[in-house]
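Here's the structure, in C-alpha cells; my notes come after.
The values are calculated or read from the model by the stated rules, or taken from the named source; none is laboratory data. Being a predicted model, the structure only gives us computed values, none of them experimental. Glycine gets a Cβ as well: all are built from the backbone with ideal geometry, and neighbour counts include every protein chain shown. Only protein heavy atoms, including side chains, enter the accessible area calculation; ligands, DNA and RNA are left aside. Shrake-Rupley method; radii C 1.70, N 1.55, O 1.52, S 1.80 Å.
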Amino acid sequence: MNASRPSLAELISFATVAAHKSFRQAADELRMSPSTLSHTIRTLETRLGVRLLHRTTRSVAITEVGQALLSRVQPLVRDLDTALGDVDNYRSKPSGTLRINSSLIGARVLLQLAVPKFLARYPEMHLDLVTEGRLVDIVAEGFDAGIRLAESVPKDMVAVAFGGSDRFVAVAAPAYLKKRGAPKAPLDLLRHSCIRYRMRNGRIYHWEFERRGQAVDVDVRGPMTLDEDRLMLDAAIEGVGIAFVPQRAASDAIASRKLSVVLDDWCPRFAGLCLYYSGHRQVPAGLRAFVDVLKEAAPQR
C-alpha cells in the first residue's frame with residue numbers, strides 16, 4: 001500500500017468536519033478530542049500535499065480541492081455505514097438504548113404510530129424519549145435522532161416524514177366567543193384577548209396567517225404569555241382568550257366542543273413532523289429498526 005495514501009479514518013474525519021463546518025461538532029460525533037481531530041486533518045493534508053480546509057478560531061470553510069474530494073468521499077462513507085449496519089442486523093437483533101429528542105406532540109404521535117410495535121418486535125431495545133421542549137443539536141447532546149417540523153430539520157440530516165400534514169389554528173372557548181364575538185379577519189385579533197406564546201429563544205411569536213396568497217402576521221395582545229401548547233389549550237378552555245396552537249394538539253378539545261376554531265380559512269396546512277438523524281455517521285441498528293417500523297406505519301408518498 002502506498003505510504004502516502006490516506007487512511008479511511010482520515011477520510012471519514014475530513015468528511016465529518018466538512019459536513020459540520022465545525023471541529024467541535026465533528027469531534028463530538030466522532031467521539032474524539034478537537035485537538036486530535038485537528039491533528040488528523042493536518043496529517044491528511046500533508047499526505048495529499050494540498051489544503052482541504054480554511055480554518056480560523058471561529059470558522060471552517062472548505063477549499064475548492066476539498067470540495068472536489070468531499071463529493072467523492074461522502075458517497076463512500078454512506079455506503080460503508082450502510083454495509084456495517086447490514087452486518088450488524090445479520091449478527092443479532094437490535095439491543096440497547098435508542099435516544100430520541102422530541103416535542104411533546106411529536107412524542108404522542110410516535111406513541112400512536114410506532115412505539116408499541118417497535119418495542120414488541122425488538123424486546124431487547126429500550127426507548128429513551130426526551131420531551132424537554134427545546135431544539136437541540138442531537139449529535140452534540142448524544143441523541144440518536146430528533147423530531148421536528150419538516151421545515152426546521154437541518155439540511156445535512158436524513159429526514160423521515162410521519163403523521164401527515166398539520167396546521168396552526170386559532171381556538172377559543174364557546175363562552176368566550178359568545179361574550180366577545182368571533183374575529184372575522186386576522187387583524188380583528190388586536191381587539192381580542194389572546195394567549196401569547198413565548199418561543200425558546202425568548203421572543204414572542206407573531207401569529208402567522210395566509211389565505212389565497214395573502215400572508216398576515218399579527219403581534220397579538222392579551223393577559224397571559226405561555227411557553228407550552230398544553231397550557232395554552234387549558235387557558236383557552238377556561239375562557240382566558242384565543243390561543244394559536246397546532247391542530248393536532250387541539251383536536252380532542254375541538255372534537256369535544258370545549259374549543260371552537262376561528263379564522264379557519266386563514267389557517268393553511270404545512271408539512272408535518274419528521275424524524276431526523278445524522279447522515280454522516282453509522283446508523284445504529286436500533287435506529288434503523290425504528291425507522292423501518294415508522295415507515296411501515298407512515299409510508300412515504
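Scanning region 40-57 for residues that are open to solvent by 40 Å² or more (accessible area, probe 1.4 Å) and either closer than 26 Å to G142 by Cα or part of a loop (DSSP other than H, G, I, E, B) (or both) gives G49, V50, R51, R55, T56, T57. The set of residues from region 181-196 being buried (at least 16 other Cβ atoms within 10 Å of the Cβ) and either modelled with pLDDT under 95 or basic (K, R) (or both) comprises just one member, R196.
Of the residues making up region 109-139, those that are within 23 Å of R248 (Cβ to Cβ) and under 15 Å from the mean Cα position of the chain (by Cα) are V109, L110, L129, V130, T131, E132, G133, R134, L135, V136, I138. Listed by first and then second residue, the pairs with beta-carbon distance under 8 Å, at least 6 apart or on different chains, first residue in region 91-112 and of a type in the set (K, R), second part of a loop (DSSP other than H, G, I, E, B), are K93/Y122; K93/E124; R99/G142; R99/F143; R99/D144.
Looking only at region 151-166, decide whether some residue is open to solvent by less than 50 Å² (accessible area, probe 1.4 Å), among the aromatic types (F, W, Y), in contact (Cβ under 8 Å) with a residue 60 or more places away in the chain and in contact with a strand residue (DSSP E or B) (Cβ under 7 Å, 6 or more places away or on another chain). Checking region 151-166: at least one residue is open to solvent by less than 50 Å² (accessible area, probe 1.4 Å), among the aromatic types (F, W, Y), in contact (Cβ under 8 Å) with a residue 60 or more places away in the chain and in contact with a strand residue (DSSP E or B) (Cβ under 7 Å, 6 or more places away or on another chain). Restricting the first residue to region 186-208 and requiring it to be touching a residue at least 40 places away in the same chain (Cβ under 8 Å), which pairs with a second residue that is assigned to a helix (DSSP H, G or I) meet a Cβ separation below 8 Å and a spacing of at least six or different chains? Pairs found: P186/W266; H192/R180; S193/Y176; S193/R180; I195/M232; I195/A235; I195/A236; Y197/M232.
Restricting region 1-39 to residues that are outside any helix (DSSP H, G or I) and under 18 Å from G279 (Cα atoms), the residue that is least open to solvent (accessible area, probe 1.4 Å) is S22. When M224, M232 are checked against the criterion of being under 20 Å from G106 (Cβ atoms), over 20 Å from the mean Cα position of the chain (by Cα) and either free of Cβ contacts under 8 Å to residues at least 60 places away in the same chain or open to solvent by less than 20 Å² (accessible area, probe 1.4 Å) (or both), a single residue qualifies: M232. Checking each residue in region 71-109 for being in a helix (DSSP H, G or I) and either polar (S, T, N, Q) or at pLDDT 90 or above (or both) picks out S71, Q74, T82, N89. Is there a residue being surrounded by 13 or more Cβ atoms within 10 Å (Cβ to Cβ), hydrophobic (A, V, I, L, M, F, W, C), closer than 30 Å to G222 by Cα and in contact (Cβ under 8 Å) with a residue 40 or more places away in the chain anywhere in region 114-130? Within region 114-130, none of the residues are surrounded by 13 or more Cβ atoms within 10 Å (Cβ to Cβ), hydrophobic (A, V, I, L, M, F, W, C), closer than 30 Å to G222 by Cα and in contact (Cβ under 8 Å) with a residue 40 or more places away in the chain.
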